[in-house]
Amino acid sequence: MFKIKAEELTHKYPDGTQALNGANIDVRGGEFLAILGANGSGKTTLLKHFNGLLKPVSGSVILDNKTLSVFKPSDVFRKVGMVFQDPNDQLIAPTVEEDVAFGPTNLGLSYDEIMSRVNTALELVKMKEFAKKAIHALSYGQSKRICIAGILAMEPEVLILDEPTSGLDPDGVKTVMKILNDLNKKQGITIILATNSVDLVPVHADRVAIMDKGIVVQEGTPESIFTDSEKLNSLKLELPQIAQLMELLRDKEKLPINPLPLTIGQARQELAHLFSREDNVLHTGSTLPA
């Protein structure tokens, strides 16, 4: 059952740029959906339609079986929250606590309810001890987590994120993705994530959609999407790095690898299996060690 869907969505910006050309996609409740696509493919524009920040020229967005246009904007923002790529586009208050409280305050909630939501949201993003800290004193990665907390304080059913790991170091990427996984698996929040980081997708996403020239051209599981490197290259994308390595071992070293492992864990299992087979021989004729 879908939670939110785009139907024949088109959008043209005032400068004449046609960003969406009849995009269609269903997002199922509780899933972790990754949207891939080259720059200019329409990812961010599609995301902004999902919570009403942009209005379509034609087509529609359906939320809980109702056209988005019938909801009040405040009701949409409660259900569907969006985290922008640049924290500077989202953080507005002097301190962390005030910033995270901004949304719930505008809902007219009591002080006790607001503070309860703030504390819960900061706990979920592992930033509770930073409640009194000035926004300008945060690192870039911490700022990204506070942006997520500010949306979580609204208690959304759907969380949309535009390139949430861009600009982060490896530890920051790991932290943010662990938070998103927990929100999805433990809190039941539907996650829609637009990214160019293909290595993250098979580790975290249940389903993948690829955009090109303003439409969704392919969707499916990571295993089904990352099978055709030529197709991905034509869309200005590539296989995850571990899959690229395994593809080389298959094509150049003639190892019987099919399907391609997409994660380090899958590759380890596949290689352990190959090296344990007594009859497995490299193209050089040397027997792989048992």
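For the stretch 4-121, just the Cα atoms, rotate onto the principal axes and tell me the three extents in Å, largest first.
In descending order, the Cα extents are 45, 31, 28 Å.
For the stretch 226-231, what does the Karplus curve 6.51 cos²θ - 1.76 cosθ + 1.60, with θ = phi - 60°, yield as ³J(HN,Hα) per residue in whole Hz, taken in order and with x for Gly and Pro?
Taking θ as phi minus 60°, the curve returns 8, 10, 10, 5, 5, 4 Hz for the stretch 226-231.
Over the Cα atoms of the stretch 152-257, what Rg and Dmax result, in angstrom?
When restricted to the Cα atoms of the stretch 152-257, Rg and Dmax are 15.6, 53 Å.
For the chain, the longest stretch holding no GluC sites (Glu not before Pro) located in a DSSP loop with at most 13 other Cβ atoms within 10 Å is which?
1-252
Neighbour counts of other C-beta atoms within 10 Å: give me VAL76, VAL217, VAL125 arranged from fewest to most.
Listing VAL76, VAL217, VAL125 from fewest to most nearby Cβ atoms yields VAL217, VAL76, VAL125.
Whole-Hz Karplus ³J(HN,Hα) for the stretch 52-65, in order, using 6.51 cos²θ - 1.76 cosθ + 1.60 and θ = phi - 60°, x for Gly and Pro?
3J(HN,Hα) across the stretch 52-65, in whole Hz: x, 5, 10, 9, x, 5, 8, x, 8, 10, 10, 10, 6, 6.
Determine the dipole magnitude for the chain: charges of +1 sit on the beta-carbon of Lys and Arg, -1 on that of Asp and Glu, nothing else is charged, the reference point is the Cα centre, and the result goes in debye to the nearest 20.
With Lys and Arg at +1 and Asp and Glu at -1, about 320 debye.
So for PHE2, PHE130, fewest C-beta neighbours within 10 Å to most, what's the order?
PHE2, PHE130
Mind listing the phi-derived Karplus ³J(HN,Hα) values for the stretch 184-189, rounded to whole Hz, using 6.51, -1.76 and 1.60 with θ = phi - 60°, and x for any glycine or proline?
6, 7, 9, 9, x, 7
Given that compact globular proteins tend to follow 2.2 N^0.38 Å, what is the ratio of the alpha-carbon Rg of the chain to that value?
Against the compact-globule rule of thumb, the ratio is 1.13.
Projecting each Cα onto the charge dipole of the chain (Lys/Arg +1, Asp/Glu -1 at the beta carbon, about the Cα centre), which of LEU63, ILE160, LEU20 comes out farthest on the positive side?
The residue sitting farthest along the positive end of the dipole is LEU63.
Normalising by the residue count of the chain, find the relative contact order in percent from Cα pairs under 8 Å and 6+ residues apart.
Across the chain, relative contact order equals 21 percent.
Mind pulling up the Rg/Rh value for the stretch 141-198? Radius of gyration and Kirkwood radius, both on Cα.
Taking Rh as the inverse mean 1/r over Cα pairs, Rg/Rh reads 0.93.
Cross-link candidates for LYS133: which lysines have Cα within less than 26 Å, leaving aside residues fewer than 8 places away along the same chain?
Correct list for LYS133: LYS144, LYS174, LYS178.
For LYS3, what residues show an amide H to amide H distance below 5 Å, using hydrogens built from the backbone and excluding near sequence neighbours?
Correct list: VAL27, ARG28, GLY29.
How charged is the neighbourhood of GLU129? Take every other residue with its Cβ under 13 Å from the Cβ of GLU129, and add Lys/Arg as +1 and Asp/Glu as -1.
+3
Order by neighbour count: LEU161, LEU124, fewest other Cβ atoms within 10 Å first, most last.
Ordered by Cβ neighbours within 10 Å, fewest first: LEU124, LEU161.
Laboratory data are not the source of any read-out in this text; all were calculated from the coordinates shown. What you see is a predicted model, and the numbers here were worked out from it, not measured in a lab. Glycine also receives a Cβ, built like all others from the backbone with ideal geometry; neighbour counts cover every protein chain displayed.
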